[in-house]
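Bear in mind these aren't lab numbers, they're just calculated from the coordinates by the rules spelled out. This one's a predicted model, so the numbers in the text were calculated from it and none came from an experiment. Positions of Cβ are backbone-derived with ideal geometry, glycine not excepted, and every protein chain shown enters the neighbour counts.
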Amino acid sequence: VTPQAAPLQPIVKVKVGDRNATITWSVPSNGAEVLGYYVILVSQTGVVQSLNLPPSYSSYTFTGLEPKVRYYVEVLAYNQAGNSTPGSAYFYVLAPPSINFTSVVKTPNYFTVSWNTTHPANFTVYVYKGNELLLEKHVGQNTSFTYQAPFGIYNVTVVAANPAGHAVSSVKVVYYLQPSPPKVSVEGTPRGLVFHVSSEYAMNYSVYYNGVELGSSDNGTILIRQPILSGAEEYYVVASNPAGSSMTKVNLTVLQSSYTVTVKTYQGLAFVPERFSLPQVGAWAFLGILILLGTAIGYVAATRS
């Protein structure tokens, strides 16, 4: 009579889930009877669980496991002749992912959205403008996304998914660049003062005096209809768009004769990241925090009729 042999080495597979792992195994046939299985789960700190399962079992699920812990599982088939060579596998369990946006970087040609996650996941990015879906893109496990687009306001939604679950998060992207400090020249005319303003990325221009907006335009030419008096006056010129505002202080010195008005302009720079505040001056408020350059940029003469 040929003595019975021990079972052959089990083939072990692992499927991880939300803080759990299902171990499955199969034993190649060599004619030997299998009387049961030893299943041992080990972590870095020692044996987590040790089982003796009947031969009807071909899988077992471990629950309550910790993400980011490396586990080792070993399965041995046994009979009266002895134990098989252990079949084994290493694995990490998962937990549902999360999404935390970390930055939005804007350039003249594109913007880049970045995020991090607590657990590995695959990501899908959706870009909307209003209710219109502009783009759906699978980015794998990348945690940043670059989009080339014209200036505007966008909504970027990121969906993270892994076998343990999924997460959805959105960020509003105001894709405009901070306007550059306004460049200003002023012309004296019979109708009043004409401000000629330019600023990169600006969409609107305004002129303030004593905290009051005297005029605005989107083309950079603003006529202020008020008497031109001799002496020095201070005006504030603001360039703005949805991303924020920048500002210049203009000092006007008017020398009045019967025919000529001379306007002398000193340009200063104020950088206002999102909204500009108005420090109180008397009953009115002036705009922003000023870092005056105090550089004369020119003289403009105009003839009064």
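Based on the mean of other beta carbon atoms within 10 Å per residue, what is the order of 34-47, 191-204, most packed first?
191-204, 34-47
For a Förster distance of 25 Å, can you work out the FRET efficiency between the beta-carbons of Arg70 and Asn122, rounded to the nearest 0.05?
Taking R0 as 25 Å, the efficiency between Arg70 and Asn122 is 0.70.
Could you order peptides 107-115, 71-79 by the average number of other Cβ atoms within 10 Å of their residues, highest first?
Highest mean packing first, the order is 71-79, 107-115.
Among Gly64, Ser84, Val47, whose Cα lies farthest out toward the positive end of the dipole of the range 11-91, if unit charges sit on the beta carbon of Lys, Arg (+1) and Asp, Glu (-1)?
Value computed over the given set: Gly64.
So the label point goes 7 Å from the Cα of Thr61 along Cα→C-beta, right? Which residues of the range 155-186 then have their backbone N under 13 Å from it?
Under 13 Å, as judged by backbone N against the label point of Thr61, lie 164 of the range 155-186.
So which of Lys15/Lys137; Lys15/Lys68; Lys68/Lys137; Lys129/Lys172; Lys13/Lys137 end up more than 20 Å apart, counting from Cα to Cα?
Result: Lys15/Lys137; Lys68/Lys137; Lys13/Lys137 exceed 20 Å.
Once the other residues with Cβ under 13 Å from the Cβ of Val16 are scored (Lys, Arg +1; Asp, Glu -1), what is the net sum?
Here the charged neighbours net out to +3.
Mind putting a number on the dipole of the range 11-91 about its Cα centre? Charges go on the C-beta only, +1 for Lys and Arg and -1 for Asp and Glu, and I need it in Debye to the nearest 20.
240
Does the range 11-91 classify as rounded, prolate or oblate by the C-alpha gyration tensor (a ≥ b ≥ c root eigenvalues; a/c under 1.5 gives rounded; else a/b over b/c gives prolate, otherwise oblate)?
prolate
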